[in-house]
Amino acid sequence: MPVFDFNDTSYQKQPAECTYETFSSKVEHPTADHPILLLDNKKKKWKHHSVGVFTNPSKRTSFEFDEDGEVTDILKLDARFVSLLKWLGENHINVRLSGINREDGYAVYRIRELEFTGRSKLSASDGFLQFMIERLLASDPPEEEEGEEDKEEVGDDMRLTSLQSIKDFMNCAGKTLPDNIRLWARRNLSVARSSEVSPEERRHAQRALSIMMNVRWKSTYFEAIDPVEARRILDEELYGMEKVKQRIIETIIQINRTHTLPAYGLLLVGPAGTGKSQVAYAVAKILKLPWTTLDMSSINDPEQLTGSSRVYANAKPGIIMEAFSMAGESNLVFIINELDKAAAGKGNGNPADVLLTLLDNLGFTDNYMECLVPTVGVYPIATANEKDQISAPLMSRFAVIEIPDYSPEEKEQIFIRYSLPKVLKRMHMTAEECIVTDDAVKAIVELYSDTTGIRDLEQAAEHIAANALYQIEVDHVTKVVFYPDMVVELLK
């Protein structure tokens with residue numbers, strides 16, 4: 001098979017002959033059994049590590065080995081990598097393949113960039129190719145099997161900031177972006193590179209592109225969650241709350257059946273300090289999703305959520321878009337604290353109305369981004385003290401879970417089994433160094449009988465442990481035992 005002259009551009013006028021068939025894969029860690037691509041090895045068995053270039057777009061889709069100039073056809077290719085290989089070939093990027101010779105071909109499971117004097121180098125820093133490959137491996141296959149580009153997800157800590165790296169990313173992964181975001185990105189890239197707009201407009205366009213391209217726009221498919229593991233997490237994080245735990249497990253079972261998030265989020269209603277936020281964090285941990293918080297008591301202007309228009313020099317995205325950016329992906333848990341405060345607002349509008357667009361899963365538009373952001377992977381968990389303060393439209397978006405206050409007996413067990421051990425562990429103390437008698441625990445609970453929740457108990461545990469540590473370090477005692485009169489004197 002001939003070696004192609006890349007200085008001769010006449011071949012570009014002819015359509016390349018495709019030698020491979022694509023296959024759909026969701027493998028995130030390729031191996032010889034589940035490779036990225038398969039090369040023809042009938043004439044020659046290739047080395048475990050082979051260096052060369054992809055010859056796309058040439059007369060045939062193939063790989064040219066540096067060592068002897070031999071060229072072999074690509075037989076099979078993961079559909080996510082079609083555009084990346086085309087881009088590597090067009091730019092004559094030198095790569096090293098790692099693979100194993102099988103009966104059906106040379107199975108390539110790793111591709112790394114090499115730098116040779118006088119040859120092209122990737123636009124971004126040295127990690128760009130690895131960044132692209134890892135994002136593609138973590139993405140879903142494109143819907144069009146013969147499509148040219150691929151989706152995205154994390155690689156290393158690299159971020160797309162320069163216009164050239166953003167352009168290269170769009171060339172390699174464009175078709176795996178949502179259609180509207182792909183079109184939006186093209187328009188903003190044109191603005192960012194245009195000499196006909198103001199520097200301020202170019203800066204805003206580039207900033208918006210960097211934010212949007214660094215978010216991994218994932219599919220709505222959710223892998224099954226182990227209910228036993230979910231129950232273990234709930235029992236580890238929460239004491240009692242059996243009805244609450246049952247509702248959460250029911251939600252997990254629903255996800256396992258449909259492989260999608262439920263149509264309704266969770267609204268946790270109960271007195272202050274009863275562990276509503278702790279429940280929300282536990283659910284996020286079970287779902288294995290990043291989480292972000294929206295504190296509605298501190299949001300009194302809708303623009304805080306929706307961002308400001310780019311017509312202003314100091315424009316910036318809103319809290320919701322920043323949450324996507326910080327998480328780095330579109331599937332995340334929004335923990336909305338104090339939802340009953342969302343109705344409050346100044347003269348510019350109502351923050352609650354903005355929440356409705358987020359909760360409907362129809363997409364959210366940020367004024368700075370000027371693009372409809374998919375929200376189908378958003379799972380909202382809200383907390384509230386009084387549900388009668390929440391508007392009917394907001395209530396209709398949630399499944400309500402009532403969280404009652406704890407009984408005195410439950411508070412005693414929480415202090416003994418959770419609050420005090422947690423504080424002692426943080427202070428590097430043992431249970432033998434700080435002993436609180438049963439009667440003393442009852443006295444502590446009685447001290448705070450007029451307050452709801454367990455925050456006062458947690459603060460009491462902190463105070464008692466700190467006092468014990470002081471006596472151990474200053475008075476050189478080996479342990480401190482707290483009796484009822486001692487804790488009352490200490491905490492009153």
Translational diffusion coefficient (Stokes-Einstein; Kirkwood radius from C-alpha pairs) of segment 333-492 at 4 °C, 1.567 mPa s, in µm²/s:
67
Tell me whether segment 330-401 comes out rounded, prolate or oblate; compute the Cα gyration tensor, take square roots of the eigenvalues as a ≥ b ≥ c, and use a/c under 1.5 as the rounded threshold.
oblate
Overall Cα dimensions of segment 291-425, principal axis frame, Å, largest first
58, 35, 27
5 angstrom amide H check on ARG216, placed H, neighbours 5+ away
GLU329, SER330
Order of THR61, THR19 under a 10 Å beta carbon neighbour criterion, fewest first
THR19, THR61
Over the chain, what is the percentage of antiparallel beta bridges among all DSSP beta bridges, to the nearest 5?
50
Evaluate E = 1/(1 + (r/R0)^6) for LYS243 and LYS492, where r is the Cβ-Cβ distance and R0 equals 30 Å; express this FRET efficiency to the nearest 0.05.
0.30
Which Cα, out of LEU129, ASN367, LEU332, lies furthest along the positive dipole direction of the chain (beta carbon charges, K/R +1, D/E -1)?
LEU129
Arrange ARG310, ARG135 by Cβ neighbour counts within 10 Å, fewest through most, would you?
ARG310, ARG135
On a 0 to 90° scale, report how tilted helix 179-193 is relative to the longest principal axis of the chain, with both axes built from alpha carbons and the result rounded to the nearest 10.
70
Short version: ³J(HN,Hα) in whole Hz for each residue of segment 29-37, in order, from phi by Karplus 6.51 cos²θ - 1.76 cosθ + 1.60 (θ = phi - 60°), x for Gly and Pro, what are they?
10, x, 9, 5, 7, 10, x, 7, 8
Residue by residue through segment 307-319, which ³J(HN,Hα) values in whole Hz follow from phi under the Karplus form 6.51 cos²θ - 1.76 cosθ + 1.60 (θ = phi - 60°), with glycine and proline marked x?
x, 10, 5, 5, 5, 9, 4, 9, 4, 7, x, x, 4
Equivalent-ellipsoid semi-axes (√(5λ), Cα gyration tensor) for segment 171-311, whole Å, largest first?
40, 21, 11
Select from PHE398, PHE415, LEU447 the residue farthest towards the positive end of the dipole of segment 391-461; place +1 on Cβ of Lys and Arg, -1 on Cβ of Asp and Glu, and compute about the Cα centre.
PHE398
Given 25 °C, 0.890 mPa s and a Kirkwood radius over Cα pairs, the Stokes-Einstein diffusion coefficient of segment 408-491 in µm²/s is 194
Quick one: 3J(HN,Hα) in Hz for segment 387-401, Karplus 6.51/-1.76/1.60 with θ = phi - 60°, rounded, Gly and Pro as x.
6, 6, 8, 9, 5, 4, x, 5, 4, 5, 8, 10, 8, 8, 10
Calculated Rg and Dmax of segment 236-310 using C-alpha coordinates, Å:
15.4, 50
Beyond 21 Å between alpha-carbons counts as too far, so tell me which of LYS276/LYS422; LYS276/LYS442; LYS26/LYS245 fall in that bin.
LYS276/LYS442; LYS26/LYS245
Check which residues have an amide H placed less than 5 Å from LEU75's amide H, if you skip close sequence neighbours.
LEU38, LEU39, ASP40
Residue separation times 0.36 nm, minus the C-alpha to C-alpha distance between GLN254 and MET427: what's the value?
58.2 nm
Rounded to the nearest 500 deg cm²/dmol, what is the calculated helix-only ellipticity per residue at 222 nm for the chain, with -39500 (n - 2.57) per DSSP H run of length n ≥ 4?
-11000 deg cm²/dmol
With +1 on the Cβ of every Lys and Arg and -1 on the Cβ of every Asp and Glu, and nothing else charged, how large is the dipole of the chain about its Cα centre, in debye rounded to the nearest 20?
1240
One finds, for TYR470 and VAL311 with R0 = 56 angstrom and r their Cβ-Cβ distance, a FRET efficiency to the nearest 0.05 of 0.45
Hull volume in cubic angstrom per residue (convex hull over the Cα atoms of the chain):
217
What is the calculated FRET efficiency for TYR264 to SER195, with r their C-beta to C-beta distance and R₀ = 60 Å, to the nearest 0.05?
0.75
For the charge dipole of the chain, defined by +1 on Lys and Arg C-beta atoms and -1 on Asp and Glu C-beta atoms about the Cα centroid, which residue among PRO142, ILE253, THR61 has the Cα displaced farthest towards the positive pole?
THR61
If I model a spin label as a point 7 Å beyond the Cα along the Cα-Cβ vector, how far apart are those points for ASP439 and VAL376 in nm?
6.4
Would you mind ranking CYS18, CYS434, CYS371, CYS172 by Cβ crowding within 10 Å, fewest neighbours first?
CYS18, CYS371, CYS434, CYS172
For the chain, the longest principal axis of the Cα atoms and the Cα long axis of helix 242-258 enclose an angle in degrees, to the nearest 10, of 10
With +1 on the Cβ of every Lys and Arg and -1 on the Cβ of every Asp and Glu, the dipole magnitude of segment 227-402 about its Cα centre, in debye rounded to the nearest 20, is 320
Using modelled amide H (1.01 Å from N, peptide plane; none on Pro or chain starts), what sits under 5 Å from the amide H of ALA399, excluding residues fewer than 5 places away?
GLY265, LEU266, LEU267
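We did not get these values from a lab; they are worked out from the coordinates using the rules stated. The structure displayed is predicted, hence computed values, not measured ones. Every residue, glycine as well, gets a Cβ built from its backbone with ideal geometry; the counts of neighbours run over all protein chains shown.
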